[in-house]
Amino acid sequence: MRFVEVSKRFGDNIVFDQFSLAIQPKTIMAVVGPSGMGKTTLLQMASGLLVPDSGAVVKEEGESGSVSYLFQEPRLLPQGTVFSNVELSLHKAFPDKKERTDVAMHYLNLVGLHDFIAYYPRQLSGGMRQRVAIARSFAHPSAVILMDEPFQSLDIKLRYNLLDSFVSLWNESPRTTIFVTHDPKEAVLVGDSVCCLGNPKEPNLLFKIHIPREARNISDSELLGLESKLVKALVEA
Amino acid sequence: MRFVEVSKRFGDNIVFDQFSLAIQPKTIMAVVGPSGMGKTTLLQMASGLLVPDSGAVVKEEGESGSVSYLFQEPRLLPQGTVFSNVELSLHKAFPDKKERTDVAMHYLNLVGLHDFIAYYPRQLSGGMRQRVAIARSFAHPSAVILMDEPFQSLDIKLRYNLLDSFVSLWNESPRTTIFVTHDPKEAVLVGDSVCCLGNPKEPNLLFKIHIPREARNISDSELLGLESKLVKALVEA
Amino acid sequence: QPMYEERLSNEPVKANIAVMAGPTGFSSVALSFNDGKINDSVVAEISVYPSPNEVIARLANGELDFACLPTNVAANMYNKGVKVKIAAVVGNGMLSVICSDGSVTDYTGLLGKTINVPDVGSTPDQLSKLLLMKAGLENGKDLVLDYSVASPAQISQMLIAGKISLAVMPQPFVSMVLAKNPKAKIVADIQDLYAQVSGMENYPMSVFVVTDKFAQNHPVATQSVLEAYKASVAWVNANPAEAGQAIEKIGIMKAALAAPAIPYCNLVYVPAKEAKAQVQAFFASLYAFSPASIGGSIPSDALYL
Amino acid sequence: MKVRTKRNLVVFGSSLLLIVIWQLGAMVLDSQILLPQVGPVGKALVALASSSPFALHVGLTVSRALESFFIIVISATFLGILAGGSPFFSLFVKPLIVVLKAVPVMSIILLAFIWFSSGTVPLFSAFLMGFPVMFVQIEQAFLHMDKNLEQMCDLYDFSTSLKIRHYVIPSLVPFFITGARTTLSMVWKVVIAAEVLTVPRYGVGGQMHLAQVQLDTEFVLSWTLVAILLTALGDLAFDGLVALAGKLKKQLDKRRLPCDL
Amino acid sequence: MKVRTKRNLVVFGSSLLLIVIWQLGAMVLDSQILLPQVGPVGKALVALASSSPFALHVGLTVSRALESFFIIVISATFLGILAGGSPFFSLFVKPLIVVLKAVPVMSIILLAFIWFSSGTVPLFSAFLMGFPVMFVQIEQAFLHMDKNLEQMCDLYDFSTSLKIRHYVIPSLVPFFITGARTTLSMVWKVVIAAEVLTVPRYGVGGQMHLAQVQLDTEFVLSWTLVAILLTALGDLAFDGLVALAGKLKKQLDKRRLPCDL
Ligand SMILES: Nc1ncnc2c1ncn2[C@@H]1O[C@H](COP(=O)(O)OP(=O)(O)OP(=O)(O)O)[C@@H](O)[C@H]1O
Ligand SMILES: Nc1ncnc2c1ncn2[C@@H]1O[C@H](COP(=O)(O)OP(=O)(O)OP(=O)(O)O)[C@@H](O)[C@H]1O
Ligand SMILES: O=C([O-])O
Ligand SMILES: [Mg+2]
Ligand SMILES: [Mg+2]
């Protein structure tokens, strides 16, 4: 997927100005950036929910069709159970009820919510709601995954578990992914490339990580170096 | 301040069971712990808002009188301006209007809100509201400071700036402080001692940090070691 | 063609008749006997309403065929284009000024006093104003008409309790007050005063009206109803005690209140043709002081059946 | 449990006190017309309830109220959905709704009395008074629909039918319930008001008015008690239905879960 | 700007259409009693407005409405604060409030008619109908007060006076405004209803009823228009006052800022 000289403004607020960025097909682009710098806007343009004022978002071969969008808020149907919130997003892809149920349950197990499938969103904590949204976006078959701070409001333990699950799920069927996070550590653990927003014209920082994802360890000095580079870029943004 | 064999339960949920913890006067105790393990409950007992079912919270000499409590939510008066939200908490300590105004403005400058003193909370972003609450708790003269995740919902840059400001303010007049955070890095940067909750009977982990606060640097290997210890304790909790 | 219709149907014609919960209702009670069956071809259905207000709209929208109404209301409706005819005068005047405490003994003593009158626009109100005008007096200056208590029944209670001193009242409340408060006296008879100023013997207080539609479509039935009404008036006047029971039964008023008053209610049956002169004279008097009270003009002969 | 007993005791005590105050007041006033004592009103109530047309009076009032209630709920929901979907239509009917909301009930009743046969007046008046309330609620529901959820439905490939069943209808329901509840309590009052003014042959309001002119205050009070009871029963029935619907929905949701966990 | 013009155009157009429909209907019906044409109603309105007792009729209705409005707002706020502060008092008055909310307006008016002189009936009825609305709002305000904010005030050493001024009163105000607005629009309707039934010497409702009885439908409509206008003006005045109070508060808040920044 490529953003080609994309511009987007809200009133006087110029968020992107002839901004270009390319994401290699079937790789993960981790995006960090201070609040209000356009991370969510970038995802919305990628999803087609928002149309750039000028420029274009170009999809490569194999990226057309459905996207999975994990919104910054959980966006669950308040009147649906945990189960049906996941299951409803599978109707188109899995017309067979049995199959659909199995897929939904698989992902709900993954996020540790098997015992809560009969609950309604109002009965869940913020973190649990976020997990339902994660299960939904993982379960929904799509060529592109867009994730807006997926692991916010989760405690650190669950966070790392889910990060692991995400990586192994992704390895099963690699798809073009934009992963927005506010945690530089997460970004360097997960991204094939990492981009830091902070300037409407171009990324403040953009680098590739060549260490295989499975081999990454947070105490690795190269990763620590990248992380501190990223923190510096963020603080200076 | 000492928690002496404190027990507290909500219905069947035993949060503290004969739990003891001592905080040296005029030091900072950083507290981390998974969600729902009693961090906020601990602060509420320290403030007197919540009375333990059994056991006692003992204050040392010089810790009596007012406390400054930075709540987990900003808790601003919705009908008051940014300025008056800070200024009203100073009425008792500073009967003189001029003096009170100067103190309030000093702390509002510190959190970068000088241009917003005429705004109402509804006109501010979540992070800005949090900063008003921080200014209020710093400004309020007190023997004890209780802070419940003070820097949540702030971007990384502001976070580090405010952490610096907090440390220098604290150095001006050291006061007994409990600093709850979900960020292990923050805990090791700020605490004289660090405690990890996760067990109603005793802290999961409790250690002192002997490096002077001013000399701490996040790339310091000793600190990184402490941080990973803390992360491990959190993940295992 | 209407006659033809009537003969064709075997069903008896239903005549919807409205009376008010007051003296105009009294004289109609015999119509309710036999479940309202007047003869093989006509059945009367009597409904009781709290005031003329509920009746007027029903005559206008066609729900009612006959009604007992205050005389001026009939003129007003006629002038507004509601097609009704006066069939007969069924009640002559029966208003009195009562004093509950002996502070006034005859009508000359009323000057400067406050007199309670039920309901603005009601017959007691109109006649009071009419007489004031003829006597050259002014309401609010020479004496005060007070409308603050609108229900005659409530004024009666207050007269009995001595809470108010003077009031213009219709029957049967006059009888009731006199019976229950020994100190109460009639200090003026409105009928006498009206006779003095108009030269007429009495004034027609209520009339029996029929809608044009019913009268045209069912002339025979109309005639039957009128005859039955006439007979009913005669029976009520002759048998006040039994009439009282019937009055209570159809929900007009308690027998104890109605029966003793019947002799004083001036219940009559004067067919329209005979009553026309008297009625027109009454309209002329009302017109002179308030054209609006009869709808703006004196009705033509077409008002009479 | 104990707190609840205490609450009920206080409520019971104050209800009793109300009745005692009434009785004392009646004894002091000593006027059957101004304020009858508790006993006679009780007797009048029994007399009413055992009189043969009682069922007719109550039945017709109830049927008028329910009929207008259903007409309002159905038509206002339909038009409200149209208005919610089309800003033009919404603007277009706005003047009418504003006028309807500002018209005093009495004007409507008086005019309706001229226009229609008296049996229709309570229905028509209740319709004109209740319609704007329900309509505005449904219109509001559309304004309060969560556009974010709609985006979610679209991105996650919901079919139109799924979207209506799981997003649109659930968003409307709370507003629908609020609107219907308000409409119901309004409809009672307007129907009775119209009956008082038009005195139909059968109906609680008309009987109340006749009792009042005849100064049978104990019957006015008895009919008032009947009206209060009707309102209370209506509210109870409504809440019962809503609770039942809620339970039914939960049952259905359970059915949709994989196996009977 | 353009969107706004378009909106106004639609609203204007549909208002015009309403009037055209009325006029066409009147021409088809061709009955002065059933539905007078627009012209005659306009004339009647002018005749009304220029008749000498017009000011008295309107003035007395307005003064009854305002009087009951103020009595309700003051007494219900006072008692609502008591009830908000004391759960016992709140429980204690609950039965009374429940009954008052369920009583049909008409019952109250009919009973009041027996009890009071006709001038007092509208006041009394409006009081009984409006009081529970305002009372419940103020009571609700206490239930919705943010206990967290109260903890904050206490920990940050607010004096009682500061707490009342900056925490209690601001928490009550929105509920007070909602309650007062609802009360105001209710009071109009009840006062006019009571006037219709009791026909006091002066008052819009009584005139409306007299006009109806005399089959002067054009005057019924004219008085209805007057009533709608009064309601609309009342709402406008209320919103104006609320906006003014808001501005005043902002001014005061500005004054409390250090120097004139
Ligand atoms: N619909 C909108 N209307 C007006 N301004 C908008 C809109 N959406 C976003 N913005 C503005 O665009 C800028 C970028 O917003 P965006 O939500 O993309 O930031 P973000 O990087 O996702 O921030 P955060 O980390 O807080 O989620 C912000 O200044 C925001 O105020
Ligand atoms: N007022 C209360 N009533 C009932 N249970 C409560 C109450 N306050 C706290 N709890 C329970 O006590 C436990 C500890 O809550 P506490 O708020 O102290 O957690 P925490 O560590 O601050 O969590 P977080 O990181 O999410 O803020 C939780 O299980 C919570 O559900
Ligand atoms: O029946 C009447 O009292 O007019
Ligand atoms: Mg965002
Ligand atoms: Mg907490």
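The values are calculated or read from the model by the stated rules, or taken from the named source; none is laboratory data. Note that the structure is a prediction, hence the values are computed from the model and not measured. No Cβ is skipped: glycine too gets one built from the backbone with ideal geometry, and neighbour counts run over all protein chains shown. For the accessible areas, the whole protein counts, side chains as well, though only heavy atoms, and no ligand, DNA or RNA atoms are used. Shrake-Rupley method; radii C 1.70, N 1.55, O 1.52, S 1.80 Å.
Of the set (1) away from chain A (no Cβ under 14 Å); (2) free of Cβ contacts under 8 Å to residues at least 40 places away in the same chain; (3) not acidic (Asp, Glu), all apply to residue B:57 but (2). Only helices (runs of 4 or more DSSP H) whose full extent lies in region E:80-191 are considered here, and the ones with at least 2 residues that are under 28 Å from residue C:148 (Cβ atoms) and hydroxyl-bearing (Ser, Thr, Tyr) are E:120-143.
One residue alone among E:3, E:10, E:58 is open to solvent by 40 Å² or more (accessible area, probe 1.4 Å) and hydrophobic (A, V, I, L, M, F, W, C), and that residue is E:3. When residue A:198 is tested against (1) more than 14 Å from chain B (Cβ to nearest Cβ); (2) part of a loop (DSSP other than H, G, I, E, B); (3) in contact (Cβ under 8 Å) with a residue 12 or more places away in the chain; (4) surrounded by fewer than 22 Cβ atoms within 10 Å (Cβ to Cβ), just one condition goes unmet, and that condition is (1). In region A:11-28, the residues that are on the phi > 0 side of the Ramachandran plot reach residues that are of a type in the set (Lys, Arg) and more than 10 Å from ligand 1 (Cβ to nearest atom) with C-beta atoms within less than 8 angstrom, at least six apart or across chains, in these pairs: A:18/A:201; A:26/A:175.
When each of A:31, A:86 is tested for being in contact with a Lys or Arg (Cβ under 7 Å, 6 or more places away or on another chain), more than 16 Å from ligand 3 (Cβ to nearest atom) and not assigned by the TED database to the domain that holds residue A:136, the lone residue that passes is A:31.
Out of C:48, C:43, C:19, one residue alone is touching a residue at least 40 places away in the same chain (Cβ under 8 Å), more than 10 Å from chain D (Cβ to nearest Cβ) and of a type in the set (A, V, I, L, M, F, W, C). It is C:19. Within the bounds of region B:65-74, is there any residue that is touching a Lys or Arg at 6+ places or on another chain (Cβ under 7 Å), within 14 Å of chain E (Cβ to nearest Cβ), within 16 Å of ligand 2 (Cβ to nearest atom) and open to solvent by 20 Å² or more (accessible area, probe 1.4 Å)? Scanning region B:65-74, I find at least one residue that is touching a Lys or Arg at 6+ places or on another chain (Cβ under 7 Å), within 14 Å of chain E (Cβ to nearest Cβ), within 16 Å of ligand 2 (Cβ to nearest atom) and open to solvent by 20 Å² or more (accessible area, probe 1.4 Å), so the answer is yes. You will find that of C:171, C:154, the residue that is within 14 Å of chain E (Cβ to nearest Cβ), out of contact with any Gly (no Cβ under 7 Å at 6 or more places or on another chain) and crowded, with 18+ Cβ neighbours inside 10 Å is C:154 and no other. Within region B:128-149, one or more residues are open to solvent by 10 Å² or more (accessible area, probe 1.4 Å) and within 16 Å of ligand 5 (Cβ to nearest atom).
State yes or no: is residue D:135 touching a Gly at 6+ places or on another chain (Cβ under 7 Å), surrounded by 18 or more Cβ atoms within 10 Å (Cβ to Cβ) and more than 12 Å from every other protein chain (Cβ to nearest Cβ)? Before you say what the answer is, go through the steps one by one.
Details: touching a Gly at 6+ places or on another chain (Cβ under 7 Å): yes; surrounded by 18 or more Cβ atoms within 10 Å (Cβ to Cβ): yes; more than 12 Å from every other protein chain (Cβ to nearest Cβ): yes.
Here the answer is yes, as residue D:135 does meet what is asked.
Candidates are the residues of region E:54-84 that are in contact (Cβ under 8 Å) with a residue 40 or more places away in the chain and among the hydroxyl-bearing types (Ser, Thr, Tyr); the one that is nearest to residue E:233 (Cα to Cα) is E:61. Looking only at residues that are more than 10 Å from every other protein chain (Cβ to nearest Cβ) and open to solvent by less than 20 Å² (accessible area, probe 1.4 Å) in region E:70-117, which one is farthest from residue E:146 (Cα to Cα)? Once the filter is applied, the top-ranked residue is E:112. Residue count for region A:3-13 satisfying the condition of being modelled with pLDDT under 95 and in contact with a Ser or Thr (Cβ under 9 Å, 6 or more places away or on another chain): 1.
Checked against the criteria, residue E:75 counts as among the hydroxyl-bearing types (Ser, Thr, Tyr) and within 26 Å of the chain's Cα centre (by Cα). Of the strands (runs of 3 or more DSSP E) lying entirely inside region B:1-114, those containing at least 2 residues that are within 16 Å of ligand 5 (Cβ to nearest atom) span B:2-10, B:13-22, B:28-32, B:67-70. Sub-8 Å Cβ pairs linking a first residue in region E:35-53 that is under 14 Å from residue E:25 (Cα atoms) to a second residue that is among the β-branched types (Val, Ile, Thr) and loosely packed, with under 15 Cβ neighbours inside 10 Å, at least 6 apart or interchain, are E:38/E:19, ordered by first then second residue.
Go through region C:55-72 and count every residue that is within 13 Å of ligand 3 (Cβ to nearest atom) and of a type in the set (Gly, Ala, Ser). The total comes to 1.
Residue B:55 passes every criterion in (1) within 15 Å of ligand 2 (Cβ to nearest atom); (2) in the same structural domain as residue B:169 (by the TED database) apart from (1).
Could you please let me know if residue C:256 is open to solvent by 10 Å² or more (accessible area, probe 1.4 Å), without any contact (Cβ under 8 Å) to a residue 24 or more places away in the chain and within 23 Å of residue C:127 (Cβ to Cβ)? No: the conditions fail for residue C:256.
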